[in-house]
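Student: Got a structure for you, questions after.
The values are calculated or read from the model by the stated rules, or taken from the named source; none is laboratory data. Computed from a predicted model, the values in this text were never measured in an experiment. Because the Cβ atoms are built from the backbone with ideal geometry, glycine has one as well, and the counts that use them run over all protein chains shown. Please note that ligands, DNA and RNA were not included when accessible areas were found on the heavy atoms of the full protein model with its side chains. Shrake-Rupley method; radii C 1.70, N 1.55, O 1.52, S 1.80 Å.
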Amino acid sequence: MSLDQITSQMKQRVQPGALDATVKFDFGDDGKIFIDGNAGTVTNDDGEADCTISMSMENFQSLVAGDLDPTTAFMMGKLKVKGNMGVAMKLQSILG
């Protein structure tokens, strides 16, 4: 799945006010996804976010597919969180 396809899917799931924060998924060289939960927008911009989640595109796809547990991924270092950890915990509704 490409970055454009993932971005498009997230745009369908994110509603204005669904998340009272900004989140950035950083896939390194594969790109970024920036979610503004207040506005309900999803872009590929690289802005300052309340919470930044860094992981590989492959691990992200496994996570969304349900093949990778977020807690396990975090403990194994496959997923790194910077900023507000509480925001990261609320992402299940957008990802699941």
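Student: Six or more apart or on different chains, Cβ atoms under 7 Å: show the pairs whose first residue is in the stretch 29-52 and buried (at least 19 other Cβ atoms within 10 Å of the Cβ) and whose second is assigned to a strand (DSSP E or B) and aromatic (Phe, Trp, Tyr).
Tutor: Close Cβ pairs (under 7 Å, with a partner that is assigned to a strand (DSSP E or B) and aromatic (Phe, Trp, Tyr)) amount to LYS32/PHE25; ILE33/PHE25; ALA49/PHE34.
Student: Let me ask something else about it. Go through the stretch 63-87 and count every residue that is open to solvent by less than 40 Å² (accessible area, probe 1.4 Å), touching a helix residue (DSSP H, G or I) at 6+ places or on another chain (Cβ under 9 Å) and not β-branched (Val, Ile, Thr).
Tutor: Residues in the stretch 63-87 being open to solvent by less than 40 Å² (accessible area, probe 1.4 Å), touching a helix residue (DSSP H, G or I) at 6+ places or on another chain (Cβ under 9 Å) and not β-branched (Val, Ile, Thr): 4 in total.
Student: Right, another one. Looking at the stretch 1-16, which of the residues that are of a type outside the set (Ser, Thr, Tyr) and in contact with a strand residue (DSSP E or B) (Cβ under 6 Å, 6 or more places away or on another chain) is most open to solvent (accessible area, probe 1.4 Å)?
Tutor: LYS11
Student: If you don't mind, another one. So LEU19 fits all but one of (1) surrounded by 15 or more Cβ atoms within 10 Å (Cβ to Cβ); (2) free of Cβ contacts under 8 Å to residues at least 60 places away in the same chain; (3) assigned to a loop (DSSP other than H, G, I, E, B); what number is the exception?
Tutor: It fails just one condition, (2).
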